[in-house]
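Below: the structure, in structure tokens.
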Amino acid sequence: MQCRQYNVKVFEIGLEDPRSFLNFLEANRALLAHHLLSIRGEEDPEVLEYLEEHGFHYLFNTPLPPARRGVEKFRMLVREEESSLPREVREALERLKELQEAEEPEIEIEGGGEEREEDTEEREPPLKIVRHPLRSGQVVEYGGSVLLTERINSGAKVAALGSIIALGVVEGDLSSSGECVIVPPMSRGTLLFHGTKVEPELLKYPLNKISFAGEAIQIQPIKKKEFH
Amino acid sequence: MSKVIAVISGKGGVGKTTTTANVGLGIAMNRRQCVVVDFDIGQRNLDMILGLENRVVYDMVQVMDGEAKLEQALIRSKAHSNLHFLPASQTKDKSVLDSEKIRQLLDDLRQRFEYVILDAPAGIESGFEHTIEFADEAIIVVNPEVSSIRDSDRAIGILDSKSRKVLEGGEVKKHLIINRIDPEMVERGEMLSHTDILEILSIDLLGMVPEDRNVIDASNQGHPIILDEQSEAGQAYRRIAKRLCGEQTPLVVPQVRKKGLVGKLKGLFG
């Protein structure tokens with residue numbers, strides 16, 4: 001007999017109105033594709049069909065062990081309202097969707113932290129997507145924008161000339177000279193935006209968007225509609 | 001099929017060598033032929049923990065250089081006949097290590113043993129890189145504290161980018177041992193819990209070893225703690241060894257020791 005242990009990300013969601021449920025799934029498909037959906041509510045044939053069709057992993061009305069904090073931000077994200085997503089984030093999510101539909105990601109990150117990527121192109125290079133956790137000592141240096149879907153551990157570093165969008169736990173250092181930085185609260189590590197240190201106390205939203213408002217740096221929450 | 005397993009930690013002093021000795025002995029106790037190799041060139045200490053200090057004649061470097069035969073350098077453990085030990089060189093420097101010679105040595109060991117366990121040096125320098133170079137699997141030993149976790153995270157990063165298996169498109173299987181857990185401190189929230197650590201490192205958990213004062217004494221005596229059936233740490237290592245040998249054993253989270261009646265009453269009224 002063989003037995004394996006996995007760490008799985010679970011997204012818990014209530015099903016009351018099948019229409020709005022499906023709208024939500026459709027809007028967040030790229031982000032939810034790697035989660036196990038734990039659905040509370042009555043099974044609906046249309047919903048079931050949709051879930052099967054798009055290869056979602058799901059459970060209905062199954063009790064789960066106590067949840068952990070990391071998951072919370074996602075739920076908050078969809079509960080709040082208004083304001084618009086920057087172009088780069090929209091592109092990032094589009095790109096992520098495409099990648100998830102493709103077989104294997106072609107993005108390579110150096111591991112030991114010694115080799116670094118050089119970018120000599122004049123134009124801003126395409127968005128780089130990092131879909132594995134960054135470990136201590138690993139460095140992502142990039143001439144464009146970077147989207148990181150997994151955690152960035154203490155001692156890891158991301159330096160981008162473009163924007164940085166981090167969706168997992170961030171404990172490493174970030175430095176961006178792009179349009180914006182989108183991060184959850186940071187308990188560790190430093191965040192530099194155009195060379196200016198952003199104090200961690202200011203990152204009080206589940207997801208924070210740091211950008212310029214004229215000369216000043218502003219920090220705004222990322223809200224619901226932006227993912228629609 | 002024999003396996004080469006590197007025991008790594010990044011940070012020093014977390015119990016890597018103690019783990020190597022106990023895991024190696026545990027595998028031998030599960031009726032498998034096992035050899036533990038001290039890769040910490042220039043700083044021999046696995047021999048002491050195994051109580052084989054005075055048996056060392058030839059070392060690994062001499063075998064690699066052809067100055068001694070492998071049979072001459074291998075030492076059979078007093079504690080179990082299935083366990084052998086290959087000592088590190090005390091005099092030479094780690095710069096003597098050479099990839100081709102290491103590959104040859106490990107291939108020879110694979111012929112003789114089912115489990116080849118390598119005790120890596122602390123740090124992430126050349127000695128460490130040589131230890132992980134030809135490993136099939138790795139045991140990562142951490143203590144529940146942030147500096148240990150961060151250093152092992154770094155070591156895992158190097159393992160995942162520099163080992164031959166990864167460079168050839170494969171994967172080095174990684175097992176986590178959380179050593180020196182103090183359940184009371186975890187309960188008070190003063191120590192990282194195993195779930196916190198797993199979340200950071202995202203690798204499979206092989207076992208949890210509670211803090212146990214007897215470990216130090218056992219190491220000093222050259223009598224690994226796994227031989228002590230009463231010891232909680234010894235029991236934890238027994239379970240770990242069984243898991244490595246493919247046997248199912250439940251994961252045991254170290255618990256705060258239950259108070260006796262008097263303690264409970266004190267708790268009630270105190």
Output the residue which, of all residues in the stretch B:137-152 that are buried (at least 19 other Cβ atoms within 10 Å of the Cβ) and outside any strand (DSSP E or B), is farthest from the chain's Cα centre (by Cα).
B:R150
Pairing a residue in the stretch B:222-240 that is without any contact (Cβ under 8 Å) to a residue 40 or more places away in the chain with any residue that is of a type in the set (S, T, Y), where Cβ atoms lie under 8 Å and the two sit 6 or more apart in sequence or on different chains, gives B:R239/B:T249
Is it the case that some residue within the stretch A:53-64 is farther than 19 Å from A:L207 by Cβ, aliphatic (A, V, I, L, M), outside any helix (DSSP H, G or I) and at pLDDT 90 or above?
yes
For the stretch A:154-199, enumerate the residues that are assigned to a strand (DSSP E or B) and of a type in the set (S, T, N, Q).
A:S175, A:S176, A:T196
Among the residues of the stretch B:158-172, which ones are within 11 Å of chain A (Cβ to nearest Cβ) and either surrounded by fewer than 22 Cβ atoms within 10 Å (Cβ to Cβ) or not in a helix (DSSP H, G or I) (or both)?
B:D160, B:S161, B:K162, B:S163, B:V166, B:L167
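Yes or no: B:I41 within 18 Å of B:A6 (Cα to Cα) and in contact with a His (Cβ under 8 Å, 6 or more places away or on another chain)?
Considered against the rule, which asks whether it is within 18 Å of B:A6 (Cα to Cα) and in contact with a His (Cβ under 8 Å, 6 or more places away or on another chain), B:I41 comes out as no.
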For B:A155: the one exception among (1) within 12 Å of chain A (Cβ to nearest Cβ); (2) more than 16 Å from the chain's Cα centre (by Cα); (3) small (G, A, S)
(2)
Step by step: first the residues of the stretch B:124-136, then only those that are assigned to a loop (DSSP other than H, G, I, E, B) and under 15 Å from the mean Cα position of the chain (by Cα), then the one that is farthest from the other protein chains (Cβ to nearest Cβ). Which residue is that?
B:D136
Answer yes if at least one residue in the stretch A:173-193 is surrounded by fewer than 24 Cβ atoms within 10 Å (Cβ to Cβ), in contact (Cβ under 8 Å) with a residue 12 or more places away in the chain and at positive phi, and no otherwise.
yes
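The values are calculated or read from the model by the stated rules, or taken from the named source; none is laboratory data. Treat the numbers as computed from the prediction; the structure is a model and nothing was measured. Don't worry about glycine lacking a Cβ; one is built from the backbone with ideal geometry, like all the others, and counts go over all protein chains shown.
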